[in-house]
Amino acid sequence: MNNPPPEPVESPAARIMVVDDESALSHLTRLTLERFGGYQVCEVNHSPDAIATAGTFHPDLILMDVNMPVIDGGELAVQFREHPSLGKIPIIFLTSMVHSSEAGDTGLISNNRRFLSKPINREFLLAAIREVLAEKGPA
C-alpha cells in the first residue's frame with residue numbers, strides 16, 4: 001500500500017513592522033502584506049514607540065518611513081543598529097524623496113540601505129521584501 005507523500009511543513013509567516021507616521025498608509029501597507037504576502041504585520045505610527053514595539057513584536061524586517069516627526073527614519077535606523085538585540089533586523093526605507101524610476105523594481109540601494117518610493121507599488125514592495133528576507137536567511 002502506498003502512503004501519500006507528507007504534507008509540506010509551512011514555516012511561520014515572516015513578521016514585518018511598518019513604521020510610518022501616516023496611519024492610513026501604514027494600515028494600507030499592513031492589509032496588503034497580510035493579504036498578498038501572508039505576513040504577520042505590526043503598525044507603529046509614533047516613531048519613539050518603534051524600538052519598544054520591536055522588542056516585543058520581534059520583526060524579521062522593518063519597513064520605515066524616512067520623513068517622520070519627532071525621530072526621523074534615519075535617526076531611528078541608527079538607534080536600531082546600536083541596539084544589542086535589534087541591530088541585525090533589515091530595514092527597507094519608504095520615501096517620497098526617491099522617484100520610482102530611480103528606485104527600480106526592488107528598490108534603490110544606497111550606502112547598504114534599500115529605498116522604495118511612495119506611493120508604494122504592491123508588486124515592487126513584495127519583491128523587495130522577498131529579496132531582503134532571502135538575503136537574511138532563516139531566523
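The values are calculated or read from the model by the stated rules, or taken from the named source; none is laboratory data. Treat the numbers as computed from the prediction; the structure is a model and nothing was measured. We place every Cβ from the backbone using ideal geometry, glycine too, and count neighbours over all the protein chains shown.
Kindly provide the set of residues from the range 31-58 that are assigned to a helix (DSSP H, G or I) and in contact with a Phe, Trp or Tyr (Cβ under 9 Å, 6 or more places away or on another chain), ordered by number. Spell out the reasoning first.
Of the residues in the range 31-58, the ones assigned to a helix (DSSP H, G or I) are 31-37, 47-57.
Those that are assigned to a helix (DSSP H, G or I) and in contact with a Phe, Trp or Tyr (Cβ under 9 Å, 6 or more places away or on another chain): L33, A50, I51, A54.
Scan the range 115-139 residue by residue and report those that are out of contact with any helix residue (DSSP H, G or I) (no Cβ under 9 Å at 6 or more places or on another chain), in a loop (DSSP other than H, G, I, E, B) and not aliphatic (A, V, I, L, M).
Of everything in the range 115-139, those that are out of contact with any helix residue (DSSP H, G or I) (no Cβ under 9 Å at 6 or more places or on another chain), in a loop (DSSP other than H, G, I, E, B) and not aliphatic (A, V, I, L, M) turn out to be G137, P138.
Can you name the number of the only condition in (1) assigned to a loop (DSSP other than H, G, I, E, B); (2) over 18 Å from D60 (Cβ atoms); (3) at pLDDT 85 or above that G87 fails?
(2)
Please state which one of T29, T56 is surrounded by fewer than 17 Cβ atoms within 10 Å (Cβ to Cβ), at pLDDT 95 or above and of a type in the set (V, I, T). Even if it seems obvious, please write down each step before you answer.
Values: T29 fails: surrounded by fewer than 17 Cβ atoms within 10 Å (Cβ to Cβ).
Residue meeting the stated conditions: T56.
Being modelled with pLDDT of 95 or more, closer than 22 Å to K118 by Cα and not small (G, A, S) is the requirement here; does L94 meet it? Steps first, answer last, please.
Working: modelled with pLDDT of 95 or more: no; closer than 22 Å to K118 by Cα: yes; not small (G, A, S): yes.
Against the criterion (modelled with pLDDT of 95 or more, closer than 22 Å to K118 by Cα and not small (G, A, S)), L94 does not qualify.
Can you say whether V78 is at pLDDT 90 or above and exposed (fewer than 15 other Cβ atoms within 10 Å of the Cβ), as far as the supplied structure shows?
On the way: at pLDDT 90 or above: yes; exposed (fewer than 15 other Cβ atoms within 10 Å of the Cβ): yes.
Yes: the conditions hold for V78.
Select from the range 97-114 the residues that are assigned to a strand (DSSP E or B) and either modelled with pLDDT of 50 or more or surrounded by 15 or more Cβ atoms within 10 Å (Cβ to Cβ) (or both) and list them in ascending order. Step through it out loud before you land on a result.
Of the residues in the range 97-114, the ones assigned to a strand (DSSP E or B) are 108-110, 113-114.
L108, R113, R114 - these are the residues of the range 97-114 that are assigned to a strand (DSSP E or B) and either modelled with pLDDT of 50 or more or surrounded by 15 or more Cβ atoms within 10 Å (Cβ to Cβ) (or both).
Pairs under 7 Å by beta carbon, first residue crowded, with 19+ Cβ neighbours inside 10 Å in the range 32-48, partner in a helix (DSSP H, G or I) and among the small types (G, A, S), six or more apart or different chains?
V44/A50
Could you please tell me which pairs satisfy a Cβ distance under 8 Å, a separation of 6+ or placement on different chains, a first residue in the range 118-135 that is touching a residue at least 24 places away in the same chain (Cβ under 8 Å) and loosely packed, with under 15 Cβ neighbours inside 10 Å, and a second residue that is of a type in the set (D, E) and not in a helix (DSSP H, G or I)?
none
Please enumerate the residues belonging to the range 14-31 that are in contact (Cβ under 8 Å) with a residue 12 or more places away in the chain and small (G, A, S). Give the derivation first.
First, the residues of the range 14-31 that are in contact (Cβ under 8 Å) with a residue 12 or more places away in the chain: 14-23, 25-27, 29-30.
Of everything in the range 14-31, those that are in contact (Cβ under 8 Å) with a residue 12 or more places away in the chain and small (G, A, S) turn out to be A14, S23, S26.
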